[in-house]
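Read the structure below first, then the notes.
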């Protein structure tokens, strides 16, 4: 079977890898002729991909086509959809499996894994996947894997930029919506536009909604049925009110599926978090909160937990100016020092200009070397009771977490 992959961003590249590991024949293409193929060069030869154009003859001769979410509204994609040759139209095993979609601005991944823990402890076989940008193997992986193995439940994390795409890919039985905040404004244009997309996505679905996000109440009218969740009253290991809410979402989802209450409680009590998300570490006399908080809301809910006198922030990509709102949230809390480090890209200058505009009165440090960053963190544990490390740059924050984990245990 030959499958064409259109678009070689994060989703497209992960789709290629999923296909190759299963021995499918592949043709891949991207209109951008500067896409780096370094991570695919060992599995794709030059005859199997094109950059700068799509070879229509090769696409039309394929048995199925995987379209990257960013190309979902293109004319070429519309032709492929009309011909019923998208991958989820050709391979349909996943559509007969009970499917839960977890979406929203923040808390998706933690909530997804909490639900997974509960369902598996109840004896269900669960396929977890979805949003490649969130750390999963991509949407195509879910479709492909469900075609070769039987599952009781599919649990898919859905990025807010891929709502329409996922509505086509999956027959979603239940949606968990964590919250709705400002993120990916380059795609949505405005929060109102994002809200309209969510409204359409929830139409005629069974929905689990965050009771604390008042903006979601109006959206519930589109749903077939709606349950609201609050902070979980079970004692969990993870820090913060925001994780109590994530646990509340998982609890409400499991209750809607009639899972035994004892299994729900034990699963959430034993859940110890996932890599990259907010965890706390005790080093010297300091408590350090560290994890990815790549938008203003994700940052603000952590900063509400403690009075952080030292705040470390990874910077966003150059074109993601709305993420600079993270700096606004940090400045509002009046820390004694803000330490900036390159997160997704080195946009230190943009961050400095934002701090200057905000008239931030504290000390500002710039650290570009990871080892030096860890050295400064350790120095500050001698001075500050509470330290926060967040912002953008998941890979760097993961490295910091690994080091902190060793130091905290030592």
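Could you state the number of Å between the C-alpha centres of the range 318-370 and the range 275-302? First find each Cα centre; the distance between them is then 16 Å. List the residues of the range 104-133 whose backbone N lies under 20 Å from a point placed 7 Å from the Cα of residue 237 along the Cα-to-Cβ direction. What the label zone holds, given the 20 Å backbone N cut-off, is 107-123. Each peptide in 160-173, 22-35, 360-373 receives the mean, over its residues, of other Cβ atoms within 10 Å, and ordering these scores from highest gives 160-173, 22-35, 360-373.
Along Cα→Cβ, 7 Å out, is where each label goes; now give me the distance between the ones at residue 152 and residue 197 in nm to one decimal. Taking the two extended label points, one gets 3.4 nm.
Relative to the current alpha-carbon distance between residue 173 and residue 374, full extension at 0.36 nm per residue lengthens the span by 67.9 nm. Within the range 279-409, DSSP assigns beta bridges of which about 20% are antiparallel (rounded to the nearest 5). Where in the range 38-62 does the label zone of residue 398 land, with the point 7 angstrom along Cα→C-beta and an amide N cut-off under 19 Å? Correct set: 38-41.
Calculated [222 nm] ellipticity per residue, helices only, for the chain: -11000 deg cm²/dmol; basis is -39500 (n - 2.57) per DSSP H run with n ≥ 4, divided by all residues, nearest 500.
Taking only Cα atoms, what is the 0 to 90° angle, nearest 10, from helix 10-21's long axis to the longest principal axis of the chain? Orientation of helix 10-21: about 60 degrees from the principal axis. When the chain is treated as a Gaussian network with alpha carbon springs shorter than 10 Å, the biggest mean-square fluctuation among 251, 79, 145 belongs to 79. DSSP beta bridges fully contained in the chain are about 10 percent antiparallel. Highest mean packing first, where packing is the average number of other Cβ atoms within 10 Å per residue, the peptides 337-346, 298-307, 51-60 line up as 337-346, 298-307, 51-60.
Helix 348-357 versus the longest principal axis of the chain: what angle, 0 to 90°, nearest 10, using Cα atoms? Taking Cα atoms only, the helix is inclined about 60 degrees. Using a simple spin-label model with pseudo-atoms 7 Å out from Cα toward Cβ, residue 61 and residue 405 lie 4.7 nm apart.
For the chain, the longest principal axis of the alpha carbon atoms and the long axis of helix 191-202 meet at an angle near 50°.
Where a number appears in this text, it was derived from the coordinates with a stated rule and is not lab data. Nothing here was measured: the structure is a model prediction, and the numbers come from that model. Cβ sites come from the backbone with ideal geometry, for glycine too, and all protein chains shown count toward neighbours.
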